[in-house]
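The block underneath contains the structure these notes are about, expressed in structure tokens.
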Amino acid sequence: MTHPTRFGLLLACMLLTACGPQPATPAAAAAAAATPTGPETGPETAATGTAGTFAFEEADIAGLQARMSGGKLTSHELTVAYLDRIAAIDDAGPTLNAVIELNPDAIAEADARDAERKSGKLRGALHGIPVLLKDNIDATPMVNSAGSLALADHRPKADAFLVRGLREAGAVILGKTNLSEWANIRSSRSTSGWSARGGQTRNPYALDRSPCGSSAGTGAAIAANLAAVGVGTETDGSIICPSAVAALVGIKPTVGLVSRDGIIPISHSQDTAGPMARSVADAATLLTAMTGTDAADPATRASADHVLDYSAHLKADGLEGARIGVVRELMGYQPDVDAAMERAIQAIEAAGATVVDARIPTLGQWNDAEFEVLKYELKADLETYLRKSEAPVRTLAELIEFNRQHAGQEMPFFGQEIFEQAQAKGPLSEPGYLAARTKARRLAGPEGIDAALAAQRLDALVAPATSPAWLIDPVNGDHFTGAGYGAAATAGTPSITVPMGDSHGLPVGIVFMGRAWSEPRMVEMAYAFEQATKARKLPRFLPTVTPGSATTATAAKR
């Protein structure tokens with residue numbers, strides 16, 4: 001059986017985008033001091049320490065809204081509870097190190113949403129719901145740093161477009177999450193979840209294991225119930241991989257469905273933000289609030305007909321009559337993953353779908369061209385963001401020099417060779433760039449995913465999202481063994497991961513990949529799979545994995 005090339009896996013590992021942390025405890029302490037007393041607030045605001053003791057453990061958006069609508073909960077109480085949870089297990093206890101900064105206005109925002117609710121004004125499905133954002137998304141009044149000390153004092157003057165959408169829908173911005181510095185694009189030897197500003201994020205299922213991908217902090221935080229839902233970003237795998245290793249649902253939308261304005265970029269060809277949640281329903285609700293056409297991001301013009309309520313596509317029978325193609329070339333690298341995938345296939349068939357073997361004809365052939373595109377676009381797109389946001393540094397050359405001057409803090413484990421390669425690239429008008437962009441998109445899209453879907457009239461392709469989480473290794477970097485999402489990332493088409501089981505307690509996920517703008521159908525199929533399998537398990541914050549201590553979870557209801 002053939003597999004993606006070693007280069008392809010390395011590229012996926014690098015882009016799972018695309019000093020110690022700032023203490024969160026003072027804001028949590030202030031929040032606790034502001035907590036109202038009384039019989040209604042006691043059980044609802046209980047802080048927590050480990051799994052099984054938090055009043056809002058695994059709480060979903062619909063359930064929280066029902067409590068608030070019924071007068072049994074306020075957004076203030078919920079926000080304080082999450083702040084206390086962050087202090088108890090992110091800053092202390094297991095010390096996940098997933099949250100890099102808290103929003104000093106979080107409680108004020110929650111109070112404002114409570115006042116609106118009391119007056120009869122409801123903004124939307126997220127009214128009063130605390131949300132965490134990856135630290136490459138502009139959100140006032142917080143820093144936006146991409147984890148770099150070079151931007152540790154960079155406070156954008158305005159919210160990113162998607163943040164405005166979340167606030168308009170009523171969300172409370174709780175804070176920012178740590179990430180792989182510069183979304184894993186600085187070095188081929190980077191360690192997922194490490195940044196100079198935020199330190200190392202740890203996986204809540206086994207603390208010595210990788211949280212995977214540049215959206216590592218969002219994945220660890222939402223899996224550990226540090227907020228209701230979170231936002232990640234992806235260039236190639238950075239929503240799908242951290243979601244999969246944390247038993248989350250992650251949606252990587254069609255490029256252009258969510259505006260990239262106000263997000264520190266790698267590549268306008270592939271970058272997108274997307275929801276990360278503990279359920280398909282919550283991910284769909286969050287995605288609905290994030291979409292919209294934005295003049296500042298021309299790619300969103302094509303999304304005008306796709307700005308809709310994705311929650312309307314939560315259909316338990318969403319797999320009935322579907323045709324699903326299994327890409328077996330993306331299997332074979334880990335026995336437990338393969339076993340979970342076979343059970344997932346059985347569950348899909350039991351839910352009424354026809355499952356056939358499928359091939360992506362050009363699998364992996366786009367890797368060299370993709371990497372060339374990313375290096376060109378990194379330089380151009382990042383410098384555009386730095387200038388527009390009036391950041392402390394304005395060019396890639398300045399960032400490279402900053403890292404050299406602060407090598408002890410910025411480069412204790414790995415260097416910046418990809419930055420240096422990108423700096424050597426010319427403008428986006430160069431023939432080499434234009435040819436690489438055309439080649440990468442063609443091989444991954446029309447001749448890749450699209451061809452595979454059309455060949456057998458398929459609704460979606462499925463594959464394992466990635467391997468179980470590997471050991472954190474700052475000396476050698478990430479140990480990546482397999483992934484199934486690269487075609488969708490390069491083609492700019494949607495993918496959704498859903499939990500499908502575990503390997504010795506380490507979660508594994510399945511990824512659904514579809515045509516551009518097929519998010520409604522993808523949500524239907526993902527939701528049906530989730531309801532048929534119920535494979536998500538709570539993290540146990542174990543110090544390490546003991547082989548045999550947990551059996552591989554089945555992907556079928558018992």
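The values are calculated or read from the model by the stated rules, or taken from the named source; none is laboratory data. From a predicted model like this one, the values you see are computed outputs, not experimental measurements. Here the Cβ positions follow ideal geometry from the backbone for every residue, glycine too, while neighbour counts run over all protein chains shown. Only protein heavy atoms, including side chains, enter the accessible area calculation; ligands, DNA and RNA are left aside. Shrake-Rupley method; radii C 1.70, N 1.55, O 1.52, S 1.80 Å.
Summary table below
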| item | result |
| --- | --- |
| Subset of the range 268-308 that is assigned to a loop (DSSP other than H, G, I, E, B), β-branched (Val, Ile, Thr) and at pLDDT 95 or above - its residue that is farthest from residue 219 (Cα to Cα) | 293 |
| Members of the range 76-92 that are under 12 Å from residue 175 (Cβ atoms) and among the β-branched types (Val, Ile, Thr) | 79, 86 |
| Flag for residue 338 being at pLDDT below 95, assigned to a helix (DSSP H, G or I) and surrounded by fewer than 17 Cβ atoms within 10 Å (Cβ to Cβ) | no |
| Search result, residues across the range 448-461 that are over 26 Å from residue 300 (Cβ atoms) and either open to solvent by 30 Å² or more (accessible area, probe 1.4 Å) or part of a helix (DSSP H, G or I) (or both) | 451, 452, 454, 455, 456, 457 |
| Test: residue in the range 462-470 that is open to solvent by 10 Å² or more (accessible area, probe 1.4 Å) and not in a strand (DSSP E or B) | yes |
| Boolean, residue 123 is in a helix (DSSP H, G or I) and either of a type in the set (D, E, K, R) or at pLDDT below 95 (or both) | no |
| Residues of the range 379-391 satisfying the condition of being polar (S, T, N, Q) and surrounded by 18 or more Cβ atoms within 10 Å (Cβ to Cβ) | 389 |
| Evaluation of residue 376 against (1) aromatic (Phe, Trp, Tyr); (2) open to solvent by 10 Å² or more (accessible area, probe 1.4 Å); (3) in contact with a Ser or Thr (Cβ under 6 Å, 6 or more places away or on another chain) (one fails), failing number | (3) |
| Residue within the range 206-218 that is of a type in the set (D, E, K, R) and buried (at least 24 other Cβ atoms within 10 Å of the Cβ) present | no |
| Residue list for the range 482-533, restricted to those being among the acidic types (Asp, Glu) and part of a strand (DSSP E or B) | 502 |
| Failed item in (1) open to solvent by 60 Å² or more (accessible area, probe 1.4 Å); (2) more than 22 Å from residue 466 (Cβ to Cβ), with residue 314 passing the rest | (1) |
| Verdict on residue 153 being in a loop (DSSP other than H, G, I, E, B), touching a Lys or Arg at 6+ places or on another chain (Cβ under 8 Å), surrounded by fewer than 24 Cβ atoms within 10 Å (Cβ to Cβ) and among the charged types (D, E, K, R) | no |
| Selection from the range 404-447 of residues that are farther than 24 Å from residue 150 by Cβ and either open to solvent by 50 Å² or more (accessible area, probe 1.4 Å) or touching a strand residue (DSSP E or B) at 6+ places or on another chain (Cβ under 7 Å) (or both) | 429, 430, 431, 434, 435, 437, 438, 439, 441, 442, 446, 447 |
| Residue among 202, 197 that is charged (D, E, K, R), within 24 Å of residue 539 (Cβ to Cβ) and in contact with a helix residue (DSSP H, G or I) (Cβ under 8 Å, 6 or more places away or on another chain) | 202 |
| Search result, residues across the range 494-535 that are under 26 Å from residue 447 (Cα atoms), open to solvent by 10 Å² or more (accessible area, probe 1.4 Å) and among the hydroxyl-bearing types (Ser, Thr, Tyr) | 518 |
| Only listed residue being acidic (Asp, Glu) and either farther than 30 Å from residue 152 by Cβ or in contact with a helix residue (DSSP H, G or I) (Cβ under 8 Å, 6 or more places away or on another chain) (or both), chosen from 383, 401 | 383 |
| Enumeration of residues in the range 96-115 that are in a loop (DSSP other than H, G, I, E, B) and among the small types (Gly, Ala, Ser) | 98 |
| Residue among 269, 238 that is in contact with a helix residue (DSSP H, G or I) (Cβ under 8 Å, 6 or more places away or on another chain), within 16 Å of residue 488 (Cβ to Cβ) and surrounded by fewer than 24 Cβ atoms within 10 Å (Cβ to Cβ) | 269 |
| Qualifying residue in the range 318-331 (condition: farther than 21 Å from residue 488 by Cβ, open to solvent by 30 Å² or more (accessible area, probe 1.4 Å) and of a type in the set (D, E, K, R)) | yes |
| Residues of the range 341-354 classified as open to solvent by 40 Å² or more (accessible area, probe 1.4 Å) and either basic (Lys, Arg) or farther than 24 Å from residue 486 by Cβ (or both), total | 5 |
| Failed item, numbered, when residue 166 is tested on (1) over 28 Å from residue 87 (Cα atoms); (2) modelled with pLDDT of 95 or more | (1) |
| Unique residue being open to solvent by 10 Å² or more (accessible area, probe 1.4 Å) and either modelled with pLDDT under 95 or not aromatic (Phe, Trp, Tyr) (or both) when the list is 171, 158, 139, 224 | 158 |
| So residue 309, is it of a type in the set (D, E, K, R), within 30 Å of residue 168 (Cα to Cα) and touching an Asp or Glu at 6+ places or on another chain (Cβ under 9 Å) | no |
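To keep it simple, each residue is scored yes or no on (1) among the β-branched types (Val, Ile, Thr); (2) under 25 Å from the mean Cα position of the chain (by Cα).
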residue: 295; (1), (2): no, yes
residue: 313; (1), (2): no, yes
residue: 322; (1), (2): no, no
residue: 337; (1), (2): yes, yes
residue: 349; (1), (2): no, no
residue: 355; (1), (2): yes, no
residue: 367; (1), (2): no, yes
